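S.K.: Please find one structure pasted underneath; my questions will follow.
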Amino acid sequence: MLVTEHTVPGEVQNGFANAGAIPEQRWAFHQQITARNMMPPKVETSAPIGDEVKTTTCYMCACRCGIKVHLRDGQVRYIEGNRDHPVNKGVLCGKGSAGIMQHYSPARLSAPLLRSGPRGSGEFKEITWDEALKLATKWLGDVRDTDPKKLAFFTGRDQSQSLTGWWAIQYGTPNYAAHGGFCSVNMAAAGLYTFGGAFWEFGDPDWEHTRYFMLFGVAEDHASNPIKMGISKLKKRGAKFVSVNPVRTGYNAIADEWVGIKPGTDGLFVGSLIHELIRTQNIDIDYQVRYTNAGWLVIQNKGESDDGLFARDKEGNPLAYDKNKKKLVNALLPDITPALSGEFKLSKGRKAAPALQLLVERFASQEYAPDTVSEETGVPAQDIQRIAAELAHAAFKEEVVLDIPWTDWAGRRHEKMIGRPVSMHAMRGISAHSNGFHTCRMIHILQILLGSIDCPGGFRYKPPYPKQTPPYLRPFGKLDDVIPREPLGGPHLGFPMGPEDLLIDNKNQPQRIDKAFSWDAPLAAHGMMHMVIANAAKCDPYPIDVLFLYMANMGWNSSMNVESTLEHLTAKDDKTGEYKIPKIIYSDAYYSETVPYADLILPDTTYLERWDCISLLDRPISEADGPGDSIRQPVIEPDRDVRPFQEVLIDLGARLHLPGFINKDGSAKYPGGYPDYMVNHERKPGLGPLAGWRGKDGVSFGTGEPNPKQLEKYIENGCFWFHELEPNQKYFKHANKDYIKFAIDMGFRFQPTRVVFQLYLETLQKFKLAADGHGDIVPPAKHRKRLKTYFDPLPFWYPPFESAILGNEDFPLHAITQRPMHMYHSWGSQNAWLRQITSQNRLYMSRERAKTLGIKDDDWIWISSQIGRVRAQVRTMEGVNGDTVWTWNAIGKRKGAWSLDEEAPENTKGFLLNHLIAELLPEQGGGYRYSNSDPVTGQAAWYDLRVKIEKAGIAESEETFPIFEPVRSPLKTDLPDVLRFGAQFKGADTKVGTKA
Ligand code: SF4
């Protein structure tokens, strides 16, 4: 019998019933049967593995991929990527799959806790939510009634900053920020001030068209699936991929060319590429005229209060010299022909030069010549020259032309979109240095000079970017903004345009506890979370009463020195014996190293148990082709007495009677918690946290009335919303009339003006002039030298502070960290599946360098910095700059935390470089000690670290040092020897819904 599972018995019988038909019919039938018999047996490749599938958004790193969670019997069975999702298109990484073990982690907190022993002891008693919320309301309410700035509210890598920031505004404290101050503010601020966008969540390379891609100092965990997918596209098309990184791992290992640069010298390398492009005249001059301030005239009036500012007309418009009209004109007008070089006369005998000329003078100098920078960067001069030539070739000889007509900001129609297919991407390796702001600005200027911003093949903005340059937003939190029981006048974080926007009092004292937006760090656009605990413990600039932290393991694995941080958290007043930070409230899902140092613990859920909103008001999931946002929905019910932090914050908002969280009658405005807020909150009329399916009938997007069925629509659509731009809106968004109109309709932009790229950044010059004593607001003497040096309106390179101060002799090696691709912050290294990939980090160093020190694989060594030493085990390798050592971050753990066995490798052999990183720089003039940060933005400079290495003695312990006393754990988990998951499903694979 020829029946297979693919044949249909009825058809076969019918066929034989026709056996007497005419020969052609019989032959056709024979062919049909033969074909069927040759088909392979059907294999079920996607047998149902659960009884329910729910979509949501991954939170195992910051990429926000769409996932499908398969559930069986109310448990998570399997996680797969959502193929329809714009971010990952079905791709799921190892972290994403291992979300199961994150969810079922034995380190999960299970009930609210109140500290019962000394801070750090880990002694807690369980309390009810009612008790916890009453206590938090009392602590927070007392502060709000008297002096709201005595609350410092800071959050880590959460994805709900549009809610947390809004809550802090309603509360009225100036002391709010998230973790950007030690992560990436240099990238964000340099980009936003220069061209209204930035790398990472703000923009992407044009993976479809780029011909030459340069990747600088990326943290591998950050741009995870999207960058992997992008690089695979480049590889398929044969585009060149150059990585600039002291370490050749991860993405760098598959680059076509690896530039093993010395840490902190990227600015010198990029400056040298600019030097070469200028020398060989490979600058897109038309692009500079159309889109930048190249032709704006800069006043040259040494020693006077207008020196270095733009020459302006009576209306305040910048001036240019029009070569055709032979006169000064408003530089913002279309169709002018600005001079880009020369000297021009202004009124009162003053002179001026075009911005581009000043830029060219800076980078054409020998200071940036390849031969000059080669030794400092470790990059041979001929390689710099060749890479510059390759960039120029890709940009100008391989231009991409798309047959898409578009209209520019001035209404001029262009028949085609012409692109320079060079793209770049950078992240923490650039950002976490004390010269990171200027280095990042140099990378953007390199892109701009090549004409490769938001063009086919170049860097592409992700909506809602680009913003105006500098963005319109100014920080709130001046003295008269902070009033008991009143909200703050506006958002905490913004972009100062000059000294008048600083948050200082009339004695120049910082208004924020982290000293952001003060003379210490004027453009601290993300705040300075790394300084909050230290400053609060020193009551500098003032004491606080409550420190409220969310999802930030500040006591262990941030950018900060661990020992000092723990000292600050436990510091007591000599007279009263009370803690200097009197009350600490902390919310986290896990028993991290920071939990034992808090007084009141509000246990959070895992990401699979809650609603979340990845909003266009914060950091959405937009792609370069269009805006998008997404949600998380609870796919599983919590089995512990925990609550999502966002729900708790909304509840506290109502209990504290914060405006925005209560109705006129005092009742809670969002009784349905976070989902209620996500749907019904309006930041402005019609503008809410979610952009999709707005309006009563759910047919609008961007703006529109709240739609009661909005969350249902998101869930139906896989928990995301995405709008693809029209082809004529997709490029040149900074100057594209149709895109700008769309951006205004969406509430992204306020004015129909183009974004003008700032080659020359006047904002910095205003601070420099203030340091020279000009203007009403001038810095105290102790800050002047620093401001004069680093507030240069043109980017420049200077050695990272630690190298400049210590030199190379005592501490000859740079020490940096990378986060493993398979882990994210400290969450991943407690994950039973991910720990199997890495449970002990080593200090990686060059094989050759190790040989000169008599060090070989597995040796135990001492790593010493100016402030301490750490014992670790070595692994030698080839792909690392010879002057650099590095390790995986976040592997070392403290005994007692994270529910790991006390003898787990993470506790005994894993280590952190944090023990070596100084919180403050050595004394500067006048004895003042600045934070170890970038002087412009306040970004923590934890990649500046310099160390020396010595072999540990044979008799010394084969354990890491320092090992801190174990913390006691309040968790009542009965830990098995081996943590397993999934055995309960075995044998049940084909019987959906039945237990194993
Ligand atoms: S890249 Fe990040 S968000 Fe995407 S699946 Fe992996 S862990 Fe999840």
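S.K.: Being under 20 Å from the mean Cα position of the chain (by Cα), under 23 Å from HIS915 (Cα atoms) and of a type in the set (A, V, I, L, M, F, W, C) is the filter here; which residues of the range 504-555 pass it?
M.R.: Once the filter is applied, which keeps residues that are under 20 Å from the mean Cα position of the chain (by Cα), under 23 Å from HIS915 (Cα atoms) and of a type in the set (A, V, I, L, M, F, W, C), the range 504-555 yields MET528, MET529, MET531, VAL532, LEU549, MET551, ALA552, MET554.
S.K.: Are there any helices (runs of 4 or more DSSP H) wholly within the range 148-242 with 2 or more residues that are in contact with a Cys (Cβ under 8 Å, 6 or more places away or on another chain), and if so which?
M.R.: 161-171, 185-195, 225-237
S.K.: Among the residues that make up the range 738-751, is at least one of them at pLDDT 95 or above, in a loop (DSSP other than H, G, I, E, B) and touching a Leu at 6+ places or on another chain (Cβ under 8 Å)?
M.R.: Taking every residue of the range 738-751 in turn, none turns out to be at pLDDT 95 or above, in a loop (DSSP other than H, G, I, E, B) and touching a Leu at 6+ places or on another chain (Cβ under 8 Å).
S.K.: Looking at LEU215, LEU234, can you tell me which residue is in contact with a His (Cβ under 6 Å, 6 or more places away or on another chain), at pLDDT 95 or above and under 21 Å from HIS393 (Cα atoms)?
M.R.: LEU215
Condition check ((1) part of a loop (DSSP other than H, G, I, E, B); (2) in contact (Cβ under 8 Å) with a residue 40 or more places away in the chain) across all residues:
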| residue | (1), (2) |
| --- | --- |
| LEU319 | no, no |
| LYS325 | yes, no |
| VAL329 | no, no |
| LEU332 | yes, yes |
| LYS348 | no, no |
| LEU356 | no, yes |
| GLU361 | no, no |
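S.K.: With the requirement that a residue be touching a strand residue (DSSP E or B) at 6+ places or on another chain (Cβ under 8 Å) and over 16 Å from MET427 (Cβ atoms), what does the range 219-247 give you?
M.R.: Answer for the range 219-247, where residues must be touching a strand residue (DSSP E or B) at 6+ places or on another chain (Cβ under 8 Å) and over 16 Å from MET427 (Cβ atoms): LEU234, LYS235, ALA239, LYS240.
S.K.: Check every one of the helices (runs of 4 or more DSSP H) wholly within the range 798-917 and list those with 2 or more residues that are surrounded by fewer than 18 Cβ atoms within 10 Å (Cβ to Cβ) and either modelled with pLDDT under 95 or among the polar types (S, T, N, Q) (or both).
M.R.: 801-806
S.K.: For the condition modelled with pLDDT of 95 or more and either aromatic (Phe, Trp, Tyr) or part of a helix (DSSP H, G or I) (or both), what is the one hit in PRO596, PRO638? Outline the logic, then answer.
M.R.: On the way: PRO638 fails: either aromatic (Phe, Trp, Tyr) or part of a helix (DSSP H, G or I) (or both).
PRO596 is the lone residue from the list that is modelled with pLDDT of 95 or more and either aromatic (Phe, Trp, Tyr) or part of a helix (DSSP H, G or I) (or both).
S.K.: Right, here's the next one. Restricting attention to the range 371-403, which residues are among the hydrophobic types (A, V, I, L, M, F, W, C) and either assigned to a helix (DSSP H, G or I) or without any contact (Cβ under 8 Å) to a residue 24 or more places away in the chain (or both)?
M.R.: VAL373, ALA381, ILE384, ILE387, ALA388, ALA389, LEU391, ALA392, ALA394, ALA395, PHE396
S.K.: Give the residue, chosen from ALA804, ALA770, ALA832, that is under 29 Å from TRP862 (Cβ atoms) and among the hydrophobic types (A, V, I, L, M, F, W, C).
M.R.: ALA804
S.K.: In this structure, is GLY141 closer than 26 Å to ASN831 by Cβ and of a type outside the set (Asp, Glu)?
M.R.: No: the conditions fail for GLY141.
S.K.: Going by the structure shown, is VAL87 farther than 30 Å from ALA598 by Cα, touching a residue at least 60 places away in the same chain (Cβ under 8 Å) and near the ligand (Cβ under 10 Å from one of its atoms)?
M.R.: yes
S.K.: Here is a list: GLY66, GLY81, GLY120, GLY99. Which entry is under 32 Å from the mean Cα position of the chain (by Cα), farther than 18 Å from PHE720 by Cα and within 9 Å of the ligand (Cβ to nearest atom)?
M.R.: So the residue among GLY66, GLY81, GLY120, GLY99 that is under 32 Å from the mean Cα position of the chain (by Cα), farther than 18 Å from PHE720 by Cα and within 9 Å of the ligand (Cβ to nearest atom) is GLY99.
S.K.: Sticking with this one: Evaluate the range 273-296: report whether one residue or more is in contact with a Gly (Cβ under 6 Å, 6 or more places away or on another chain) and within 16 Å of the ligand (Cβ to nearest atom).
M.R.: Within the range 273-296 (the criterion being in contact with a Gly (Cβ under 6 Å, 6 or more places away or on another chain) and within 16 Å of the ligand (Cβ to nearest atom)), the answer is no, since none of the residues qualifies.
S.K.: Being under 20 Å from GLU712 (Cα atoms) and either in contact with a Pro (Cβ under 6 Å, 6 or more places away or on another chain) or within 14 Å of the ligand (Cβ to nearest atom) (or both) is the filter here; which residues of the range 53-63 pass it?
M.R.: Scanning the range 53-63 gives THR55, THR56, THR57, CYS58.
S.K.: Of all the residues that make up the range 275-297, how many are of a type in the set (Val, Ile, Thr) and either within 17 Å of GLU220 (Cα to Cα) or buried (at least 24 other Cβ atoms within 10 Å of the Cβ) (or both)? Quick ask: steps written out before the conclusion?
M.R.: Going through the range 275-297, the residues of a type in the set (Val, Ile, Thr) turn out to be 278, 280, 283, 285, 289, 292.
Within this subset, residues satisfying the condition of being either within 17 Å of GLU220 (Cα to Cα) or buried (at least 24 other Cβ atoms within 10 Å of the Cβ) (or both) are 292.
Qualifying residue count for the region: 1.
S.K.: Looking at GLY660, GLY692, GLY666 in this structure, which one is of a type in the set (Gly, Ala, Ser), in a loop (DSSP other than H, G, I, E, B), under 28 Å from ASP604 (Cβ atoms) and out of contact with any Gly (no Cβ under 9 Å at 6 or more places or on another chain)?
M.R.: GLY666
S.K.: Just wondering, is there one or more residues in the range 732-747 that are in contact with a helix residue (DSSP H, G or I) (Cβ under 8 Å, 6 or more places away or on another chain), of a type in the set (A, V, I, L, M) and under 30 Å from LEU333 (Cα atoms)?
M.R.: Taking every residue of the range 732-747 in turn, at least one turns out to be in contact with a helix residue (DSSP H, G or I) (Cβ under 8 Å, 6 or more places away or on another chain), of a type in the set (A, V, I, L, M) and under 30 Å from LEU333 (Cα atoms).
S.K.: Counting just the residues of the range 511-568 that are among the aromatic types (Phe, Trp, Tyr) and at pLDDT 95 or above, which one comes out surrounded by the fewest Cβ atoms within 10 Å (Cβ to Cβ)? Break it down stepwise before answering.
M.R.: Going through the range 511-568, the residues among the aromatic types (Phe, Trp, Tyr) turn out to be 517, 519, 542, 548, 550, 556.
Still in the running and at pLDDT 95 or above: 517, 519, 542, 548, 550.
On the way: PHE517: 32, TRP519: 26, TYR542: 15, PHE548: 30, TYR550: 23.
Among them, the one singled out is TYR542.
S.K.: Here is a follow-up. In the range 526-550, what count of residues is obtained for those that are within 15 Å of ALA516 (Cα to Cα) and free of Cβ contacts under 8 Å to residues at least 60 places away in the same chain?
M.R.: To start, the set of residues in the range 526-550 that are within 15 Å of ALA516 (Cα to Cα) comprises 526-536, 540-542.
The next check asks that each one be free of Cβ contacts under 8 Å to residues at least 60 places away in the same chain; those that pass are 533, 535, 540-541.
Of the residues in that region, 4 qualify.
S.K.: Same structure, new question: Between a first residue in the range 780-806 that is in contact (Cβ under 8 Å) with a residue 40 or more places away in the chain and among the basic types (Lys, Arg) and a second residue that is assigned to a loop (DSSP other than H, G, I, E, B) and buried (at least 19 other Cβ atoms within 10 Å of the Cβ), which pairs have beta carbons less than 7 Å apart while being 6 or more apart in sequence or on different chains?
M.R.: Close Cβ pairs (under 7 Å, with a partner that is assigned to a loop (DSSP other than H, G, I, E, B) and buried (at least 19 other Cβ atoms within 10 Å of the Cβ)) amount to ARG786/PRO935.
S.K.: From the list GLY458, GLY494, GLY498, exactly one residue is within 23 Å of SER434 (Cα to Cα) and surrounded by 20 or more Cβ atoms within 10 Å (Cβ to Cβ). Which is it?
M.R.: GLY494
S.K.: Within the range 764-789, which residues are crowded, with 21+ Cβ neighbours inside 10 Å and either in a helix (DSSP H, G or I) or among the aliphatic types (A, V, I, L, M) (or both)?
M.R.: Result: LEU764, GLN765, LYS766, PHE767, LEU769, ALA770, ALA771, HIS783, LEU787.
S.K.: Right, LYS467: within 18 Å of the chain's Cα centre (by Cα), of a type outside the set (Gly, Ala, Ser) and within 30 Å of PHE310 (Cα to Cα) or not?
M.R.: yes
S.K.: Okay, moving on. ALA111 - would you say it is in contact (Cβ under 8 Å) with a residue 12 or more places away in the chain, within 16 Å of the ligand (Cβ to nearest atom) and closer than 30 Å to LYS895 by Cα? Before the answer, list the steps.
M.R.: Numbers: in contact (Cβ under 8 Å) with a residue 12 or more places away in the chain: yes; within 16 Å of the ligand (Cβ to nearest atom): no; closer than 30 Å to LYS895 by Cα: yes.
Judged against the criteria, ALA111 is not a match.
S.K.: Which residue out of GLY429, GLY458, GLY436, GLY419 is closer than 24 Å to LEU616 by Cβ and either small (Gly, Ala, Ser) or free of Cβ contacts under 8 Å to residues at least 24 places away in the same chain (or both)?
M.R.: GLY458
The values are calculated or read from the model by the stated rules, or taken from the named source; none is laboratory data. All values reported here derive from a predicted model rather than from experimental measurement. Quick reminder, even Gly has a Cβ in these numbers, built from the backbone with ideal geometry, and neighbours come from all protein chains shown.
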